[in-house]
Amino acid sequence: MTNSPTLSRRNFCLCCLASLTTAYVSPRQAFAAARNIVDSLKESAGLAEITTYKLRNNVALLEGSGGNIAVYCGRDGKVLIDAGISASRPRLSQALADLGSQPVANLINTHWHFDHTDGNQWLHSEGANIIAHENTTRHLRSAQRVDDWDFNFPPSPQGAVPATSINMDTVVELAGTRMAIACFAPAHTDSDVSVHLEDANVLHVADVYWNGLYPFIDYSTGGSIDGTIAATEKIIATVDADTIIVPGHGHPVSNLGELKQYREMLVTIRANVASLKAKGLSADQVADARPTAAFDDKWGKAIISPAFFTRLVYKGV
Ligand SMILES: [Zn+2]
């Protein structure tokens, strides 16, 4: 069902970044290092190989260009769920061609972040109609600042802006298969949607779920730890043991059991951070107390360091 990913340059880069953010540095230094996440991800995508995972019923996953990308190959056209980063266009185009000669007819963005929408323009230029939550459309149309990335994004070019916006759960038939698009209440951002490919029982859940990594939470555009936990619980309530769950980041092929472990991690760390904050500790003091320690070996080795994640939780409790 899956290829065996080799050690790509992307992995190498993320490992370097991980060591930067988990070596012996103060929480404040670790936080500053992680703030370069936008440039790091773009640079990684420019170098990374694309790894293809073939699932069932003509669904594949592509890893290596920002967020995980799902592809449905219909008889006459492909549907992409997320667009990745434009720097990887040549390798992404090749990976798509290897799946079949159909053009990309439709693209669904799971939320507005650059590592899921940066490829919108080139995919649109090749004929893709773009569908997204209305808040994704709104955020792409105007300049955005994400404080925790210390990054200002300019408005996107017109071709990158979704032509079709939704603001409620919507079932669409694209390339001959049914896809249920479900809108989350604000979670990772205020623009998150999941996409369920019903025939294949594959569910892309956006950046609500990071598989094996502490998640980023974008408070600048409506995200929160409590919203992230609530969204995770919504997914758990709607999937079954056979559902292939696709996280926004981390190993792209996941399942209900792994998602439950992720929820448990979020809930426990939230409680630990809330209890320390309630005692009057500052964000630095809480990070120094290492409220994530029991989970760091499994979740804290990649791009969002334990100290960075602690601060993201601290903001929301
Ligand atoms: Zn995101």
Two-decimal Rg/Rh across the stretch 181-255, once Rg and the Kirkwood Rh are taken from alpha-carbon atoms:
0.95
Most fluctuating of Val253, Val208, Val171 in the GNM of the chain (C-alpha, under 10 Å) is Val171
At what distance in nm do the modelled label points of Glu264 and Ile236 sit from each other, each positioned 7 Å from its Cα along Cα→Cβ?
1.0
Along Cα→Cβ, 7 Å out, is where each label goes; now give me the distance between the ones at Ala294 and Ser220 in nm to one decimal.
3.4
Determine the alpha carbon to alpha carbon distance for each of Lys78/Lys298; Lys54/Lys298; Lys42/Lys234 and list only those over 28 Å.
Lys78/Lys298; Lys42/Lys234
Given the -39500 (n - 2.57) contribution per DSSP H run of 4+ residues, what per-residue ellipticity at 222 nm results for the chain, rounded to the nearest 500 deg cm²/dmol?
-11000 deg cm²/dmol
Whole-percent carbon and sulfur contribution to the accessible surface of the chain (1.4 Å, no ligands, DNA or RNA) stands at 50
Projected label distance in nm at Arg145 and Ala278, using a 7 Å step from Cα toward the beta-carbon:
3.4
In Å³ and rounded to a whole number, note down the convex hull volume per residue for the Cα atoms of the chain.
114
Once the in-chain neighbours fewer than 8 apart are removed, the lysines whose Cα is under 26 Å from Lys279 read Lys315
For the chain, modelled as a GNM with alpha-carbon contacts under 10 angstrom, which of Thr164, Thr136, Thr292 fluctuates the most?
Thr164
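The values are calculated or read from the model by the stated rules, or taken from the named source; none is laboratory data. Treat the numbers as computed from the prediction; the structure is a model and nothing was measured. Methodologically, a virtual Cβ is constructed for each residue, glycine included, from the backbone with ideal geometry; neighbour enumeration extends over all protein chains shown. With ligands, DNA and RNA removed, areas are computed over all heavy atoms of the protein, side chains included. Shrake-Rupley method; radii C 1.70, N 1.55, O 1.52, S 1.80 Å.
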